[in-house]
Every structure is written in structure tokens, then in C-alpha cells.
Amino acid sequence: MLIGRKVPDVTFRTRVRDESIGGPNPFRWQDVTSADYFGGKRVILFSLPGAFTPTCSTYQLPDFEKLYPDFQSEGIDEIYCVSVNDAFVMNAWGKSQGLEHVKLIPDGSGEFTRKMGMLVRKDNLGFGLRSWRYAAVINNGVVEQWFEEEGFSDNCETDPYGVSSPQNILETLRRKQAA
């Protein structure tokens, strides 16, 4: 259980749009740290095995996007999705999903995922090292609530999804607030 633990201090290599560059690909590299993402705010972080994969693209990411206003009303400032994919893949995925609210974090080398203790082998799917599916409520860089799918293991034959679903997290936040 990671509750009460500070998130790992990592620098993420992101690509951001910069119109001053011009041309067909007006993007530049920008380093963003864990402190930039998680400091001074209450956020939801969810992680998944890969951009463009079926469960992630059909349910998890779109449902977090749709429920964003509901999460805001529960005191959540931002929603982040992290995946062991590079910035180019994450940007293309975000564009294909028409995201307006959820922000994607590229963990291309898997450093953040490894330091979170969530890096698993998915060689059975041809993926290599990827993230186990989980989510967390993080308050000022500290894990407040943890939602990890069952069966954490290398080369898992199934892809459990439910505990880290936006619906389950939202219900948990509402129950906690009502208590």
C-alpha cells in the first residue's frame, strides 16, 4: 500500500506545442518534474498498460474525461494519465481522443512507473515493460488513496479493470466526503 508515500521525483520528457517554431510540427521538448505535476494540488493519477489499447481507449481514458466536472466537485484539481509510452505516442493518443481535461504524462523510460513499484513485463503481448493498471488520489505529492487492480504480475494473462475505474474512484471520493 502506497498511502502516505510521496510520489517519486522524476523528470518527464514532454513535447509541447510552440507556434514560434512554425512548420508542420511546431513542438519542442520540455522537461516537467513530479513537483510540477503534483505539487500544491490534489490530483487523480491513473496508469494503464498502453496508449491506443482497447480498454484504455474505449473506457478508462474517455470516462475520466467525461467525469472530469464530477471530480472537480469532489475537490480534484487535475486528472493525469501516465503510461510507459513516449511523448509522441501520448500526444497522438490525446489528439485522437479529443482530450480537453485529462492531461497525459509520457513515462517513456518507465522510470516513474518503476519507482512507483508498478512496472511489469508484458512480453506475452509484445509490449515489453509497461505499467500495471492503478490509480491514486495524490495530495501535494503524497498518495492519499490507492486503487490497484488485482493480480499484479509479469505477463498476466488477463487485464483486470474495475478498481481503478473512474466510476469506482468517484464513488469512493463521494463516500469519503459524506462520512
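The values are calculated or read from the model by the stated rules, or taken from the named source; none is laboratory data. Quick caveat, the model's predicted, so the values are computed rather than measured. Note that we place each Cβ from the backbone using ideal geometry, even for glycine, and neighbour counts take in every protein chain shown. Side chains are part of the model used for accessible areas, which takes the heavy atoms of the whole protein and leaves out ligands, DNA and RNA. Shrake-Rupley method; radii C 1.70, N 1.55, O 1.52, S 1.80 Å.
Here are the numbers:
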| read-out | value |
| --- | --- |
| Test for L104: is it in a strand (DSSP E or B), free of Cβ contacts under 8 Å to residues at least 60 places away in the same chain and of a type in the set (A, V, I, L, M, F, W, C) | yes |
| Looking only at region 34-60, and only at residues there that are among the hydroxyl-bearing types (S, T, Y) and touching an Asp or Glu at 6+ places or on another chain (Cβ under 7 Å), the one that is least open to solvent (accessible area, probe 1.4 Å) | S34 |
| Index of the failed condition, D86 passing every other in (1) at pLDDT 95 or above; (2) more than 17 Å from the chain's Cα centre (by Cα); (3) open to solvent by 40 Å² or more (accessible area, probe 1.4 Å); (4) acidic (D, E) | (2) |
| Residue list for region 78-93, restricted to those being in contact with a Phe, Trp or Tyr (Cβ under 9 Å, 6 or more places away or on another chain) and not in a helix (DSSP H, G or I) | E78, I79, Y80, C81, V82, S83, V84, N85 |
| Selection status of G117, within 18 Å of P8 (Cβ to Cβ) and either among the polar types (S, T, N, Q) or under 14 Å from the mean Cα position of the chain (by Cα) (or both) | no |
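For (1) in contact with a Lys or Arg (Cβ under 9 Å, 6 or more places away or on another chain); (2) closer than 24 Å to L173 by Cβ; (3) assigned to a strand (DSSP E or B), each residue gets a yes or a no:
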position: G4; (1), (2), (3): no, yes, no
position: D9; (1), (2), (3): yes, no, no
position: T14; (1), (2), (3): no, no, yes
position: Q30; (1), (2), (3): yes, no, yes
position: G40; (1), (2), (3): no, yes, no
position: T55; (1), (2), (3): yes, yes, no
position: F71; (1), (2), (3): no, yes, no
position: I76; (1), (2), (3): yes, yes, no
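Per-residue answers, yes or no, for (1) closer than 16 Å to I76 by Cα; (2) open to solvent by 60 Å² or more (accessible area, probe 1.4 Å); (3) in a loop (DSSP other than H, G, I, E, B); (4) of a type in the set (S, T, Y):
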site	(1), (2), (3), (4)
V120	no, no, no, no
A135	yes, no, no, no
W146	yes, no, no, no
D159	no, yes, yes, no
V163	no, no, yes, no
R175	yes, yes, no, no
